[in-house]
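Peer 1: Just passing along the structure, written as structure tokens.
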Amino acid sequence: AAPELRDDAEVALAAVAQRGFAMQHASLALRSDPAFVAEALALNGSALQHISEVLRADVEDIMLLQAKPYGAERHAAPYNDPKWAPLDAIVRVPGDVQEAAKSRERIFDYLAVRWKLPRPTPSTMSRTTSGSRC
């Protein structure tokens, strides 16, 4: 992509919404910006692979904290395949649609706190629940 397009947040988000792997073409500055990354991950969780190492570590820490409270009777291991599955609105456990949605909302809420961003509102979460298939 042309350098001016790589730095354009609007263009990058439109590409990520269609295909999360397009995040790799965004500039490093965008991929390191917590506000941009949070919005991109809400649009398509597969963008996780292409964000900065520091922000990816934060996301993985938050997902681990989210998995631990359920203990032995629920999903307690920090194993997700693909890694970004908890960020997408795809049902991970058949019949557990509501719990998957709550888990996703908590992850984005914790990220907002860690990255000092405004907390997501139900309206912003509902417009990003289409999930990705990438």
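Peer 1: Scan region 79-91 and give yes if some residue there is among the aliphatic types (A, V, I, L, M), in contact with a helix residue (DSSP H, G or I) (Cβ under 7 Å, 6 or more places away or on another chain) and modelled with pLDDT under 75, otherwise no.
Peer 2: Yes, region 79-91 contains at least one residue that is among the aliphatic types (A, V, I, L, M), in contact with a helix residue (DSSP H, G or I) (Cβ under 7 Å, 6 or more places away or on another chain) and modelled with pLDDT under 75.
Peer 1: Would you check which residues across region 92-104 are at pLDDT 55 or above and surrounded by 15 or more Cβ atoms within 10 Å (Cβ to Cβ) and list them?
Peer 2: GLU99, ALA100, ALA101, SER103, ARG104
Peer 1: Applying the selection to region 107-127, what residues are modelled with pLDDT of 70 or more, assigned to a loop (DSSP other than H, G, I, E, B) and not hydroxyl-bearing (Ser, Thr, Tyr)? First the steps, then the outcome.
Peer 2: Taking region 107-127 as the starting set, the residues that turn out to be modelled with pLDDT of 70 or more are 107-121.
Those still in the list that are assigned to a loop (DSSP other than H, G, I, E, B) too: 115-121.
Residues satisfying the conditions are TRP115, LYS116, LEU117, PRO118, ARG119, PRO120.
The values are calculated or read from the model by the stated rules, or taken from the named source; none is laboratory data. The shown structure was predicted, so the numbers you read here are calculated from the model rather than taken from an experiment. Here Cβ is always computed from backbone atoms with ideal geometry, including for glycine, and neighbour counts include all displayed protein chains.
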